[in-house]
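Taking it in order: structure first as structure tokens, then the write-up.
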Amino acid sequence: MPLRPCLFALKTGQRMKNKSPVSRSGRFTGGPAAEVAQFTESISFDWRLWRHDILGSMAHAEMLRKIGVLQKNELHAIIRGLNKIGLEIRAGKFRWKPELEDVHMNIEAELTKRVPAGAKLHTARSRNDQVALDMRLWLRDEITLLLGEIASLQRALVSLGEKNADVLIPGYTHLQRAQPVYLAHHLLAYVEMLERDCERLWDCHSRVNVCPLGSGAIAGSTLPLDRALVAKLLDFADASGKVQLTQNSMDAVGDRDFAVEFCAAGALLAVHLSRLAEDVILWASAEFNFIKIADAYTTGSSLMPQKKNPDIAELARGKSARVIGNLVSLLTLLKGLPMTYNRDLQEDKERLFDTADTVRATTRILSAMLRNVKINRAACAAAASDPALLATDLADYLVKKGMPFRQAHHVVGALVALAEKAGKPLNQLTLAELQGVNPTFGRDALGVFNLKTAMAKRNLTGAPGTKEVAKQLARWREQLS
Ligand code: ARG
């Protein structure tokens, strides 16, 4: 990766006379004050758009050739020059100049230095539509990469569920034991959540995937640009192959909805990951002891020798904070902003980049960690065999005998209190004790505490029943293959 440019050798108050960017040429008597250059530059972070900036410039040049602005040899020289610059950037050999403000000016200035026809490249283009284009191209790739990582995390969850298909754990509400579920059912809940994240990202992708080039600074161009050609060259097309062009030049240069949408989808993904992380943290505690994370995916304490900490999961949980912050920053940035492009918009990039980097890295490390988790079957079995988890099944037993549910709820509640007072588990109450509370109970009543039968009965669509969970595991295995 290219190095960060070595910024600001100049002292405050000093003018950058000989280093005036082309954007000041003609109109200004000299370069900006050093502190102005320092305050306004974006090259320190937008350099990473270089690949897409070059790609966009190549497509623009092709189009300029088609409409006769560039000669064939000029086009070839420009493409060759841009390719060479790209190789140098990739090799870390390109010298970024902060006084040239941003990635767009750095590349164009260097190209023009090497290739005279480079001076024609910016014909009918403004950095306003150029930066919108670069960001859309960059984000399109990011979304594809992120979707790949999410699918991989989903596969890790499914694999863990499959490997432990017979493991039962208590399901919790209010973090209190509620009803028994298969571990796989719990894991598949996250697979569902992640699938919705994928849908949202795809939906966002469809609005990212629209070409803004040709909008100029604000009002298009008087030159007969072929916008569709540029869009086609850059693959801005919907699923049916129809070219996608922005339809209002003012909207196109002022719009950052696509970045907000990505950051919103990213924030919800981060929230989902934080919840998964929290479950892992709980499960790895001595109190739950449901899982053991491999040493390579845990950390130690600098003081307490016995500690093995789930820091990956804790950081995954913590990182959601900045991703949520990025969304709020972007919304705040756009709020009340007048039409159209305003320099404020330069502040969008670091927030967008940070969200993309953070959610991708977090998704990736969580799937690696889950592939290195062992389930403590004995501890899960002990927790899941708590008969109180089947109290609702006992109420259902009474409902099947014709009792209104509210009354059944009350009767079983009284039995729970009785068992608690007697200091024994719910399933150890005698038939006489059951009938003492309500005569509806028959000999078969205690049968509801058979966990295996209880799980076989929960076969509604989406329920944690034995058959249903197997079906869902198979569905996801197939869908994710
Ligand atoms: N670096 C700028 C940004 O990120 C590029 C666009 C600058 N446009 C301008 N008119 N100054 O927003």
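The values are calculated or read from the model by the stated rules, or taken from the named source; none is laboratory data. Given the structure is predicted, the values throughout are model-derived calculations rather than measurements. Reconstructed Cβ throughout: ideal geometry from the backbone, glycine too, with neighbour counts over all protein chains shown. For accessibility, only protein heavy atoms count, side chains too; no ligands or nucleic acids. Shrake-Rupley method; radii C 1.70, N 1.55, O 1.52, S 1.80 Å.
Side notes on the structure shown:
- Any hit, segment 381-392, residues being part of a helix (DSSP H, G or I), within 16 Å of Pro439 (Cα to Cα) and not β-branched (Val, Ile, Thr): no
- Test for Arg317: is it open to solvent by 40 Å² or more (accessible area, probe 1.4 Å), under 17 Å from the mean Cα position of the chain (by Cα), in contact (Cβ under 8 Å) with a residue 40 or more places away in the chain and within 16 Å of the ligand (Cβ to nearest atom): no
- Any hit, segment 440-448, residues being modelled with pLDDT of 95 or more, open to solvent by 70 Å² or more (accessible area, probe 1.4 Å) and assigned to a loop (DSSP other than H, G, I, E, B): no
- Every pair of residues 6+ apart whose Cβ atoms lie under 9 Å, when the first sits in segment 39-51 and is closer than 17 Å to Arg343 by Cα and more than 9 Å from the ligand (Cβ to nearest atom) while the second is part of a helix (DSSP H, G or I) and at pLDDT below 95: Ser44/Pro98
- Residue check: Tyr297 meets all listed conditions (1) within 30 Å of Ala156 (Cα to Cα); (2) aromatic (Phe, Trp, Tyr); (3) modelled with pLDDT of 95 or more but one, namely (3).
- Search result, residues across segment 338-352 that are open to solvent by 10 Å² or more (accessible area, probe 1.4 Å), more than 9 Å from the ligand (Cβ to nearest atom) and closer than 21 Å to Ala267 by Cα: Glu350, Arg351
- Qualifying residue in segment 156-163 (condition: of a type in the set (Gly, Ala, Ser) and open to solvent by 20 Å² or more (accessible area, probe 1.4 Å)): yes
- Some residue of segment 263-276 being closer than 17 Å to Ile365 by Cα, open to solvent by less than 30 Å² (accessible area, probe 1.4 Å) and not in a helix (DSSP H, G or I): no
- For Pro180, the conditions (1) open to solvent by 10 Å² or more (accessible area, probe 1.4 Å); (2) over 29 Å from the mean Cα position of the chain (by Cα); (3) more than 16 Å from the ligand (Cβ to nearest atom) all hold with the exception of (1).
- Those residues of segment 449-481 which are assigned to a helix (DSSP H, G or I), open to solvent by 50 Å² or more (accessible area, probe 1.4 Å) and within 30 Å of Arg196 (Cα to Cα), in sequence order: Ala456, Thr466, Lys467, Ala470, Lys471, Ala474, Arg475, Arg477, Glu478, Gln479
- Of the residues making up segment 105-116, those that are surrounded by fewer than 20 Cβ atoms within 10 Å (Cβ to Cβ), aliphatic (A, V, I, L, M) and away from the ligand (no atom under 15 Å from the Cβ) number 0.
- Leading residue by the ranking (nearest to Leu370 (Cα to Cα)) among those in segment 122-146 that are open to solvent by 20 Å² or more (accessible area, probe 1.4 Å) and among the hydrophobic types (A, V, I, L, M, F, W, C): Leu145
- Any hit, segment 139-158, residues being in a helix (DSSP H, G or I), within 16 Å of the ligand (Cβ to nearest atom) and under 26 Å from the mean Cα position of the chain (by Cα): yes
- Residue count for segment 355-381, restricted to those that are in contact with a Cys (Cβ under 9 Å, 6 or more places away or on another chain) and farther than 16 Å from Leu147 by Cα: 0.
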